[in-house]
Amino acid sequence: MILQKNINYKGKDYSAITDDTRLVESLDSILLVKTKRNAHFITQSDNIIESRNLNEIFCIAPSDKPMKIIGITGTNGKTTTAAIIYSLLLDLNYRVGLLGTRGFFVNEKRIKPKGLTTPSVLELYENLEIAAMECCDFFVMEVSSHAIEQERIAGIDFALRILSNITSDHLDYHKSIEEYRRIKNQFFATSESKLINLDESYADFNPTNAFTYGIEHKGYLSVDAYALENGIDAHLSWKYQQEVETTTIDTHLYGKHNLYNILAAMGAVKILTSARLNAIAQALEHFGGVSGRMEIIHQNPLVIVDFAHTEDGMRQIFESFKRQKIAVVFGAGGDRDRSKRARMGACAREFAHKIYVTSDNPRNENPQDIISEILSGIDNKQNVFVESDRKKAILSALENLESNEVLLILGKGDEDYQIIGNEKIHFDDREIVRNFFK
């Protein structure tokens with residue numbers, strides 16, 4: 001990325017800044033950002049700024065009204081938790097920026113389309129500056145394990161760091177589950193304020209300035225009772241020092257995993273704003289859900305699209321409907337973590353009455369090879385159907401869907417494309433469902 005920006009750094013003037021060494025033509029006019037990823041390409045000693053020092057040239061924390069930055073990491077739940085926090089803060093009359101998988105938003109206006117969960121460090125600082133210029137009180141962002149390891153969040157002072165959970169993903173990059181967990185927990189080694197899911201057994205964090213939440217374990221924000229029959233009904237308690245508050249929530253969101261997302265979001269807003277718990281619960285009633293996350297596409301029969309693309313993510317979705325007969329359509333991404341494929345197959349077999357194994361984004365892998373690895377985890381092949389063409393697989397599942405079944409179409413969520421080879425073609429699971437019922 002190259003950003004046109006007039007910069008004065010260490011007494012020199014520059015007309016642009018970049019984190020890509022290939023774009024540097026004249027070091028007299030371009031300031032080069034040194035990151036963990038490009039360090040071994042940089043030989044010059046002048047005209048270089050370390051990524052952790054970018055706050056010296058980007059205005060992200062005006063002294064008269066500093067913007068509070070909230071970072072959320074975890075294997076699953078980042079997008080929904082971030083969206084709920086964003087919605088709650090807006091309803092409480094704050095000005096807010098939101099950055100993550102779904103794009104970059106400021107005060108309900110989309111600024112940039114979907115991209116990486118956490119963008120490059122240079123783009124991140126640009127987004128932070130845009131939000132600060134819009135006088136945002138808060139900036140809510142998703143933080144991926146890649147971003148932590150590659151130091152894409154270097155130099156950022158977080159007002160609050162949130163952990164949703166740690167299961168397994170991206171082992172193609174991190175190489176081992178132990179390294180993946182280490183990287184996630186590295187985000188919480190600081191003494192800065194943090195909000196931790198107490199029910200996550202692999203959480204390892206600095207206890208200084210640590211707040212907690214949980215369902216099975218009692219934290220600062222806890223669940224006294226809950227029901228997941230038709231949405232989520234729960235009674236919550238907040239206990240901090242001498243402060244004790246209770247409230248109830250009633251939302252159309254599905255599943256225990258969304259109760260965790262709600263707890264993380266409400267806890268974050270409580271910590272950062274000191275708003276009454278009842279006021280936060282009332283604001284939650286206005287949250288309409290996240291596109292592609294447990295999104296109901298058709299009611300009778302019930303058809304739901306979700307982004308779940310790991311064993312744990314699938315399990316969370318399945319457990320939301322374990323009292324119903326489940327039909328599921330799913331695949332696995334090519335050129336990505338292969339170790340999860342058989343586990344995803346086994347998880348589907350544990351919960352689903354009908355299984356349609358198909359393609360996700362095969363990229364440069366043979367779709368049949370990916371499907372074979374998924375099938376290796378399915379011991380009983382009864383009612384298991386294989387169709388590498390995702391559209392045909394979805395249509396077959398819809399044509400054979402009975403009124404007492406729920407169809408879950410997993411893996412792509414609100415993605416409107418499919419990557420086959422090096423080609424990115426238009427493809428949207430939701431469109432196929434809607435057109436079928438038309």
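The values are calculated or read from the model by the stated rules, or taken from the named source; none is laboratory data. Keep in mind the model is a prediction, meaning the values are calculated, not measured. So basically every Cβ, Gly included, is an ideal-geometry build from the backbone, and we count neighbours across all protein chains shown.
Overview of results
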| item | result |
| --- | --- |
| Single match in K412, K381 (criterion: part of a loop (DSSP other than H, G, I, E, B), within 18 Å of G313 (Cα to Cα) and not assigned by TED's automatic domain parsing to the domain that holds G77) | K412 |
| Residue within the range 329-350 that is at pLDDT 95 or above, among the β-branched types (V, I, T) and closer than 21 Å to K114 by Cα present | no |
| Which numbered condition L407 misses (of (1) in a loop (DSSP other than H, G, I, E, B); (2) of a type outside the set (D, E); (3) in contact (Cβ under 8 Å) with a residue 60 or more places away in the chain) | (1) |
| Candidates E50, E108, filtered to the one that is in contact (Cβ under 8 Å) with a residue 40 or more places away in the chain and surrounded by fewer than 16 Cβ atoms within 10 Å (Cβ to Cβ) | E50 |
| Members of the range 201-256 that are within 23 Å of R182 (Cβ to Cβ) and of a type in the set (D, E, K, R) | D204 |
| From G219, G255, residue being within 23 Å of L160 (Cα to Cα) and not assigned by TED's automatic domain parsing to the domain that holds F318 | G219 |
| Options V33, V96; residue that is in the same structural domain as L163 (by TED's automatic domain parsing), touching a Leu at 6+ places or on another chain (Cβ under 8 Å) and either touching a residue at least 12 places away in the same chain (Cβ under 8 Å) or loosely packed, with under 15 Cβ neighbours inside 10 Å (or both) | V96 |
| First in the range 297-325 and assigned by TED's automatic domain parsing to the domain that holds K354, second anywhere and of a type in the set (S, T, Y) and part of a helix (DSSP H, G or I), Cβ under 9 Å, 6 or more apart | F307/T79; Q316/Y260 |
| Which numbered condition K194 fails, given (1) modelled with pLDDT under 95; (2) crowded, with 17+ Cβ neighbours inside 10 Å | (1) |
| Residue list for the range 85-109, filter: among the polar types (S, T, N, Q) and under 11 Å from I70 (Cβ atoms) | none |
| Test for Y260: is it among the hydroxyl-bearing types (S, T, Y), surrounded by 14 or more Cβ atoms within 10 Å (Cβ to Cβ), part of a strand (DSSP E or B) and in contact with a Ser or Thr (Cβ under 8 Å, 6 or more places away or on another chain) | no |
| All positions within the range 132-146 that are touching a Leu at 6+ places or on another chain (Cβ under 8 Å) and either among the aliphatic types (A, V, I, L, M) or outside the structural domain of A83 (by TED's automatic domain parsing) (or both) | V140, M141 |
| Helices (runs of 4 or more DSSP H) enclosed by the range 47-149 - at least 2 residues per element that are at pLDDT 95 or above | 78-91, 121-133 |
| Subset of the range 213-244 (residues that are buried (at least 16 other Cβ atoms within 10 Å of the Cβ), over 21 Å from E319 (Cα atoms) and out of contact with any Gly (no Cβ under 9 Å at 6 or more places or on another chain)) | L236, S237 |
| Failed condition for V143, given (1) surrounded by 16 or more Cβ atoms within 10 Å (Cβ to Cβ); (2) touching a Lys or Arg at 6+ places or on another chain (Cβ under 7 Å) | (2) |
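Results for (1) within 26 Å of F437 (Cα to Cα); (2) surrounded by fewer than 18 Cβ atoms within 10 Å (Cβ to Cβ), shown as yes or no for each residue.
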| position | (1), (2) |
| --- | --- |
| R293 | yes, no |
| P301 | yes, yes |
| V305 | yes, no |
| M314 | yes, no |
| R323 | yes, yes |
| C347 | no, no |
| I355 | yes, no |
| P367 | no, no |
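Quick grid of which residues meet (1) within 28 Å of the chain's Cα centre (by Cα); (2) under 18 Å from E415 (Cβ atoms):
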| residue | (1), (2) |
| --- | --- |
| R349 | yes, no |
| P367 | yes, yes |
| L375 | yes, no |
| N383 | no, no |
